[in-house]
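Worksheet for the structure shown next.
The values are calculated or read from the model by the stated rules, or taken from the named source; none is laboratory data. Just so you know, these numbers come straight off a predicted model, no measurement behind them. Glycine gets a Cβ as well: all are built from the backbone with ideal geometry, and neighbour counts include every protein chain shown.
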Amino acid sequence: MIEPGADPTDVRDRIARGFERFALDAAGRSPLYVEIARTVAATDRVLTFLATMPEPKWQPNVLLAVVRYLYGTPGSGGEFVAVVERRADEIAEVMAVRSTQTNEPARCAMLLPVLARLPQPVALLEVGAAAGLCLLPDYYTYGYGEHVVGPSAHSGVKSPIFSCRAGPGTPLPAHNVEVAWRAGLDVHPVNLSDEAEVRWLEALVWPGEEYRLPRLRAAVEVARAHPPRVVRGDLRTDLRALASEAPGDATLVVFHTAVLGYVLDARQREAFATAMSDGGAVWVANEAPQNIPGVSHLRGVHPDRAAFLLCVDGKPTAWTDGHGTWIDWLPD
């Protein structure tokens, strides 16, 4: 929200630039969201509406998903703006309690080549876990071209299949991982027994990427059959206590995807990286490079400006797609 003494025009300009950047990231993936983001960036009334909210609510994904969650998918940028102007109070009420929690289970296809190389079994601890769908890699099936890796655990429901293009040099695992322990940490855990919560996860899937919905729903059924434990807490204060519960005879892995940029500022990210380097766990970060301390110089190196960087204990290991559709392994 606009702080006392702040220039409202400057705040609206910041929000507009955020939507313009989002439009660039969405190019080639969601033409509708490109149009909507550009329309919002040019519409002072919507920017003024967003400026009344706390800064975390300026994230384009929050407004976009809330409108779809409440009213369905608009047909154009103009229709989207009209809905926001007409339903501003209702939208603000839902935005106040919702946050970006894109729980994309196909991200496990990018994590598996790292996890399978570690001493087994592993203990998985995900920060920003949402519903914990990425805590279940051993229940899923993966297709790296013709190389298929089946589940090592079985839920009694059909295993979703995640297809992932693996670039040259990617160490394709011969077997799935063995998981001895798993837990997640999230400020607002998603309850999969609540249909409204599941509908929120679905609203976060971009129009134009509807292929993600069947695999999300399949993973939800796996998680309902074998619910992963997700603890309500903050990664800044509660991670150490949860990590201490992991069994000592398993390789502890603390991992996250698209989390740090949403919940921590630059100083806090530095502190988190320092804590992870001293914590005794394998740290697997899959984030935009500017959000991982020590590797920001790699921002923009990959031709896909939306590419994530997968780092293991702070070392760049692979470029990845944020939704798990490809992985390009880096030379050692």
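Would you mention how many residues in region 41-56 are under 14 Å from Ala96 (Cα atoms) and over 16 Å from the mean Cα position of the chain (by Cα)?
Final tally of qualifying residues: 7.
Out of the strands (runs of 3 or more DSSP E) lying entirely within region 112-180, which hold 3 or more residues that are touching a residue at least 24 places away in the same chain (Cβ under 8 Å) and within 30 Å of Gly233 (Cα to Cα)?
122-127
Which of the residues spanning region 240-255 are surrounded by fewer than 21 Cβ atoms within 10 Å (Cβ to Cβ) and either of a type outside the set (Ser, Thr, Tyr) or not assigned by TED's automatic domain parsing to the domain that holds Lys158 (or both)?
If the condition is that a residue be surrounded by fewer than 21 Cβ atoms within 10 Å (Cβ to Cβ) and either of a type outside the set (Ser, Thr, Tyr) or not assigned by TED's automatic domain parsing to the domain that holds Lys158 (or both), then Arg240, Ala241, Leu242, Ala243, Glu245, Pro247, Gly248, Asp249, Ala250 are the ones that fit.
Scan region 74-85 and report the pairs whose first residue is more than 15 Å from Trp206 (Cβ to Cβ) and whose second residue is assigned to a loop (DSSP other than H, G, I, E, B), with Cβ atoms within less than 9 Å and a gap of 6+ or a chain change.
Note: pairs meeting the criteria are Val81/Thr43; Val81/Pro74; Ala82/Pro74; Val83/Pro74; Val84/Thr43; Glu85/Thr43.
Scan (1) touching a helix residue (DSSP H, G or I) at 6+ places or on another chain (Cβ under 6 Å); (2) closer than 28 Å to Gly280 by Cβ; (3) not polar (S, T, N, Q) for the single condition Met110 breaks and write down its number.
Condition (1) is where Met110 drops out.
So, in region 222-258, how many residues would count as being among the small types (Gly, Ala, Ser), in contact (Cβ under 8 Å) with a residue 40 or more places away in the chain and part of a loop (DSSP other than H, G, I, E, B)?
Result for region 222-258: 4.
For the subset of region 269-324 comprising residues that are β-branched (Val, Ile, Thr) and under 13 Å from Phe255 (Cβ atoms), which member is surrounded by the most Cβ atoms within 10 Å (Cβ to Cβ)?
Among them, the one singled out is Thr320.
Looking only at region 299-332, which residues are aliphatic (A, V, I, L, M), over 14 Å from the mean Cα position of the chain (by Cα) and closer than 18 Å to Arg21 by Cβ?
Val301
Rundown of residues vs (1) out of contact with any helix residue (DSSP H, G or I) (no Cβ under 9 Å at 6 or more places or on another chain); (2) of a type in the set (Lys, Arg), yes/no style:
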| position | (1), (2) |
| --- | --- |
| Arg229 | no, yes |
| Ala241 | yes, no |
| Phe255 | no, no |
| Leu260 | no, no |
| Arg267 | yes, yes |
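Residue by residue, here is whether (1) in contact with a Phe, Trp or Tyr (Cβ under 6 Å, 6 or more places away or on another chain); (2) at pLDDT 95 or above; (3) of a type in the set (Lys, Arg) holds:
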position	(1), (2), (3)
Asn61	no, no, no
Ala109	yes, yes, no
Leu124	no, yes, no
Gly132	no, yes, no
Tyr139	no, yes, no
Tyr142	yes, yes, no
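Hey, can you tell me all the residues within region 23-46 that are in contact with a helix residue (DSSP H, G or I) (Cβ under 6 Å, 6 or more places away or on another chain), in a loop (DSSP other than H, G, I, E, B) and among the hydrophobic types (A, V, I, L, M, F, W, C)?
Once the filter is applied, which keeps residues that are in contact with a helix residue (DSSP H, G or I) (Cβ under 6 Å, 6 or more places away or on another chain), in a loop (DSSP other than H, G, I, E, B) and among the hydrophobic types (A, V, I, L, M, F, W, C), region 23-46 yields only Ala27.
Would you confirm, using the coordinates I've provided, whether Pro74 is under 18 Å from the mean Cα position of the chain (by Cα) and under 27 Å from His323 (Cα atoms)?
no
If you go through region 95-116, how many residues are surrounded by fewer than 22 Cβ atoms within 10 Å (Cβ to Cβ) and in contact with a Pro (Cβ under 6 Å, 6 or more places away or on another chain)?
Adding up the residues that qualify gives 1.
Here's a check for you: in region 188-208, which residue that is in a loop (DSSP other than H, G, I, E, B) and more than 15 Å from the chain's Cα centre (by Cα) is surrounded by the fewest Cβ atoms within 10 Å (Cβ to Cβ)?
Among those residues, the one meeting the criterion is Ser193.
Please find, within region 305-332, the residue that is modelled with the lowest pLDDT out of those that are farther than 27 Å from Val205 by Cα and among the acidic types (Asp, Glu).
It comes out as Asp332.
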